[in-house]
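The values are calculated or read from the model by the stated rules, or taken from the named source; none is laboratory data. Predicted model, so just to flag it, every value in this text is computed and none were measured. For neighbour counting, all protein chains shown are included, and Cβ atoms are generated from backbone atoms with ideal geometry for every residue, glycine included.
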Amino acid sequence: MTDTASNTLALPIRPFLRPLLQRLAPFVGTPLNVALSLLLLWLILRVGWLLLDWAVVNAALLPAKPETCAATTGACWSFVIAKSGQILFGIYPPAERWRAGLVCVLILTTLVASARPSSWRPWLGFAWVAMMALVLWLMGGGFGLSRVPTSSWGGLPVTLILTVFAIGLGFPMAILLALGRRSGLPVVRTLSVLVIETIRGLPLLSLLFVASILLPLLLPEALLPDKFVRALLALTIFAAAYLAEVIRGGLQAIPSGQSEAAKALGLGYWNTQRLIILPQAIRIVIPALTNTIIVMIKNTSLVLVVGLFDLISSGKAALSDPDWPAPSTETFLFIGLIYFALAFSFARFADFLERSGMEKRG
Amino acid sequence: MLQDARFRAIAAQMLLTIGVVAIMFVLFTTTARNLELRGIPIGFGFLWKPANFQIAETILPYSSSDPNWWAAVVGLVNSLFVSVLVILLASMIGLFIGIGRLSQNPLLRGICRVWVEVARNTPLVVLLIFNYALWWEILPLASEAWRLAPGTHVSVRGLSMPALRWSESGVVPFVFLVASVACLIGAAYAANWRQSVTGRRPAYLAVAWPLVATGVALLLFMHRDAISIEMPEFRRANFAGGWSLTPELTTILIGLTFYTAGFIGEIVRGGILAVRKGQWEAATASGLTRAQTYRLVVVPLALRSIVPPLNSQYINVIKNSTLAIVVGYQDFMTVVSTMINKTSHAIEGVAMILGVFLLVNLALSALLNAYNRRIAIVEH
């Protein structure tokens, strides 16, 4: 009797309360957890309110004019809106910015397409060569487009070009270095180890210094490439050393039976590597390669130290406009968000591909 | 003869050697000609001439009339100071982030996740420049400095903290302190060894700890005049005395620590996740508390998968500390590049940079590898 009574009494509350309590459980398990939850909630609300107040409530948005910013105490987004072209494309001639924009789209599309397992075929290499040629033509001009020297390149295209060129040019070098490190010839092996370990032991900044300070002394003046190419050279060698270690990991994962079988079929060293070992090894390391691409996107930001106009330098240049109140926090936040969006979405995409690939396999 | 594998191997290697030597020779001769054309002398003699430039913030004493080699040493110590501090701070914070990402509390998990994602997906240069911009934007003037703790203030002029000062008679308790800590560590090792041999832990450690602690406390009390805490004081426009860090140093410390802690957090998380569930269950079944389970089972097991990637993170900290240049903190790289600009000894300067970083990184990785070998699984 009492059982039924209490049940009928509890009924109206239960279906409503239980899911709520279940939801709350991880926040309030133990007294310590309750205290932690309250503290963190207070912190989040406090910081969140400050941010909201600064970035939204009191922010200056439109019209994108200096007067809008002068009137508020919050963030000056008007500046970022007004200067977004200059920040994104640097000192590239404004009339030709569509070319720089197209370059960005082209590079990003290639990167996304290359990460998909269905495109890991030999033609991918040719696609990259075609993309790089197209990028050079669009960015540099010639053949019907007006010429733009590398000294006028700037902003996001520079970041992306340096990334894909360093990886695209570093990749063949990396394969040679990785094969060299596993070679039976002592001279080849020693040289490969020496190159890989020296580059990996040095900060990228010091390599950029070598390229910008030392190279002009090492090379005859006629052969000396411009500043952009020198920085790219440093980034390429850097990428090659790191990629070589990634590829070596893949090579080590291939059972020795594969090369023995190839030898038994009468294939020589280069044919064995090209037809049997490398296709399998590179397939294994693709997830690690996407990681290297993210690292390179981040690392290209160092070229600002040797005076190239990447995103940060063009942001700094935009900030020097005397008509505006120089809102550097907002500008660098905007630049940080661009990098974050690129790296984060690429990382998530790679994760997704890796997971879906694993499901298919297993 | 071309069909002979051994002949081809030798020929290929000889060709490669000749190629490398030829390239070196060409580079060497063009360099010599370039230097001659520009009238740049070569040699390390400049290192003994006065540096003639300022270093704003130094750990070692320095003035601009000191020789160039001393300036380089001062810069290197600045670099190592930043690296060591960042490694210590980031390891501690990273440990908490790694554990926090596995917490049951969604709020804590979320905050740690955001930290890790921001650190991993933003270039360090951008983080540093953003930090530096933020510093000047939000911090108050020195006269209205924020008080973080007694004697600790932060303002646009930097961070000032109380400093521990020792006078000469303070050496006695200091030496005693170091010696007694060393003895205790030795005793702990001896106790571990005895436990592994006899199965019983000797009791002397339980007595030794409080004894030594009392002794040190007594000595400190007797020499209390020799040791003092110097509080920074506000005078006119800024704080004086105590220990003060410039905005540049504080920015790079905060930025690099934030960045590295995110990476270490992921390493720690991976290491804890790599400990099998059976180990947790066995520990619980043996009656260990949660804290004991962590200390005696999970941490020793997790360390094995944490230490190798952690080692490369520590070496990354040393490499990343060179980015101090973007906020203008004068580390080794900045000092040497100033030297290059002033003396135009570019080849020697860059050689110094490359040599020193290779040496420091090789030494550190040898040290860390030795540690890794010690904790790695020993197969009997």
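Residue by residue through the range A:331-345, note down the ones that are within 7 Å of chain B (Cβ to nearest Cβ), within 17 Å of A:Trp77 (Cβ to Cβ) and touching a residue at least 40 places away in the same chain (Cβ under 8 Å).
Residue satisfying the conditions is A:Ile335 alone.
So which of B:Leu177, B:Leu164, B:Leu124 ends up being touching a residue at least 24 places away in the same chain (Cβ under 8 Å), farther than 24 Å from A:Leu43 by Cα and within 11 Å of another protein chain (Cβ to nearest Cβ)? Let's see the steps before the verdict.
Values: B:Leu177 fails: within 11 Å of another protein chain (Cβ to nearest Cβ); B:Leu164 fails: within 11 Å of another protein chain (Cβ to nearest Cβ).
Exactly one residue qualifies, and that residue is B:Leu124.
May I ask you to say which residue of B:Val118, B:Val172, B:Val84 is within 14 Å of chain A (Cβ to nearest Cβ) and surrounded by fewer than 18 Cβ atoms within 10 Å (Cβ to Cβ)? I'd like the intermediate steps shown before the answer.
Working: B:Val172 fails: within 14 Å of chain A (Cβ to nearest Cβ); B:Val84 fails: within 14 Å of chain A (Cβ to nearest Cβ).
Exactly one of B:Val118, B:Val172, B:Val84 is within 14 Å of chain A (Cβ to nearest Cβ) and surrounded by fewer than 18 Cβ atoms within 10 Å (Cβ to Cβ), namely B:Val118.
Among the residues of the range A:77-97, write down those that are touching a residue at least 60 places away in the same chain (Cβ under 8 Å) and not in a helix (DSSP H, G or I).
A:Gly90, A:Ile91, A:Tyr92
Which one is nearest to B:Val126 (Cα to Cα), of the residues in the range A:321-330 that are more than 8 Å from every other protein chain (Cβ to nearest Cβ) and modelled with pLDDT of 80 or more?
A:Glu330
Which of the following residues is over 30 Å from B:Leu159 (Cα atoms) and assigned by TED's automatic domain parsing to the domain that holds B:Arg304: B:Trp193, B:Trp280?
That would be B:Trp280, the only listed residue that is over 30 Å from B:Leu159 (Cα atoms) and assigned by TED's automatic domain parsing to the domain that holds B:Arg304.
Out of the helices (runs of 4 or more DSSP H) lying entirely within the range A:261-362, which hold 3 or more residues that are closer than 23 Å to A:Arg248 by Cβ?
Details: elements: A:278-299, A:311-319, A:328-361.
In the range A:261-362, A:278-299, A:328-361 are the helices (runs of 4 or more DSSP H) which contain 3 or more residues that are closer than 23 Å to A:Arg248 by Cβ.
Please go through the range A:35-69 and give me each residue that is surrounded by 13 or more Cβ atoms within 10 Å (Cβ to Cβ) and of a type in the set (Gly, Ala, Ser), ordered by number.
A:Ser37, A:Ala55, A:Ala59, A:Ala60, A:Ala64
Before we move on, is B:Leu288 over 25 Å from A:Thr300 (Cβ atoms), away from every other protein chain (no Cβ under 13 Å) and at pLDDT 85 or above?
Against the criterion (over 25 Å from A:Thr300 (Cβ atoms), away from every other protein chain (no Cβ under 13 Å) and at pLDDT 85 or above), B:Leu288 qualifies.
May I ask you to say which residue of B:Phe28, B:Phe46 is more than 10 Å from every other protein chain (Cβ to nearest Cβ) and among the aromatic types (Phe, Trp, Tyr)?
The match here is B:Phe46.
Would you mention how many residues in the range A:116-139 are out of contact with any helix residue (DSSP H, G or I) (no Cβ under 7 Å at 6 or more places or on another chain), of a type in the set (Gly, Ala, Ser) and either modelled with pLDDT under 80 or under 21 Å from A:Ile91 (Cα atoms) (or both)?
Selection size over the range A:116-139: 1.
Condition check: touching a strand residue (DSSP E or B) at 6+ places or on another chain (Cβ under 8 Å), modelled with pLDDT of 75 or more and charged (D, E, K, R). Does B:Arg165 satisfy that? Give the derivation first.
Values: touching a strand residue (DSSP E or B) at 6+ places or on another chain (Cβ under 8 Å): yes; modelled with pLDDT of 75 or more: no; charged (D, E, K, R): yes.
No: the conditions fail for B:Arg165.
Exactly one of (1) without any contact (Cβ under 8 Å) to a residue 40 or more places away in the chain; (2) of a type outside the set (Lys, Arg); (3) more than 14 Å from chain A (Cβ to nearest Cβ) is unmet by B:Ala351. Its number?
Failed condition: (3).
Name the single residue, out of those in the range B:98-108 being at the interface with chain A (Cβ under 9 Å from one of its Cβ atoms) and in a helix (DSSP H, G or I), that is farthest from B:Gly255 (Cα to Cα). Walk me through it before giving the result.
Of all residues in the range B:98-108, those at the interface with chain A (Cβ under 9 Å from one of its Cβ atoms) come to B:103-108.
Now drop any that are not in a helix (DSSP H, G or I), which leaves B:106-108.
Numbers: B:Pro106: 26, B:Leu107: 23, B:Leu108: 21 Å.
Among residues in the range B:98-108 that are at the interface with chain A (Cβ under 9 Å from one of its Cβ atoms) and in a helix (DSSP H, G or I), the one farthest from B:Gly255 (Cα to Cα) is B:Pro106.
Is one or more of the residues making up the range B:362-380 surrounded by 19 or more Cβ atoms within 10 Å (Cβ to Cβ), assigned to a helix (DSSP H, G or I) and touching a Gly at 6+ places or on another chain (Cβ under 8 Å)?
Within the range B:362-380 (the criterion being surrounded by 19 or more Cβ atoms within 10 Å (Cβ to Cβ), assigned to a helix (DSSP H, G or I) and touching a Gly at 6+ places or on another chain (Cβ under 8 Å)), the answer is no, since none of the residues qualifies.
Scan the range B:326-361 for residues that are among the polar types (S, T, N, Q) and part of a helix (DSSP H, G or I) and jot them down.
Within the range B:326-361, B:Thr334, B:Ser337, B:Thr338, B:Asn341, B:Thr343, B:Asn361 qualify.
Among the residues of the range B:131-159 satisfying the criterion of being out of contact with any helix residue (DSSP H, G or I) (no Cβ under 9 Å at 6 or more places or on another chain) and buried (at least 16 other Cβ atoms within 10 Å of the Cβ), which is farthest from B:Phe221 (Cα to Cα)?
Start the filter on the range B:131-159 by keeping residues that are out of contact with any helix residue (DSSP H, G or I) (no Cβ under 9 Å at 6 or more places or on another chain), which leaves B:140-152.
Next, only the ones that are buried (at least 16 other Cβ atoms within 10 Å of the Cβ) stay: B:142, B:145, B:151-152.
Numbers: B:Ala142: 35, B:Ala145: 34, B:Gly151: 22, B:Thr152: 25 Å.
Among them, the one singled out is B:Ala142.
Are there helices (runs of 4 or more DSSP H) fully within the range A:98-201 with at least 3 residues that are loosely packed, with under 13 Cβ neighbours inside 10 Å and away from every other protein chain (no Cβ under 14 Å)? List them. Quick ask: steps written out before the conclusion?
Details: elements: A:123-140, A:156-181, A:186-201.
The helices (runs of 4 or more DSSP H) meeting that bar are A:123-140.
Do we have any residue at all in the range B:308-328 that's more than 10 Å from every other protein chain (Cβ to nearest Cβ) and charged (D, E, K, R)?
The answer is no; no qualifying residue exists.
Quick check on my filter: what residues within the range A:215-250 are farther than 18 Å from A:Pro203 by Cβ and over 25 Å from the mean Cα position of the chain (by Cα)?
A:Pro216, A:Leu217, A:Leu218, A:Leu219, A:Pro220, A:Glu221, A:Ala222, A:Leu223, A:Leu224, A:Pro225
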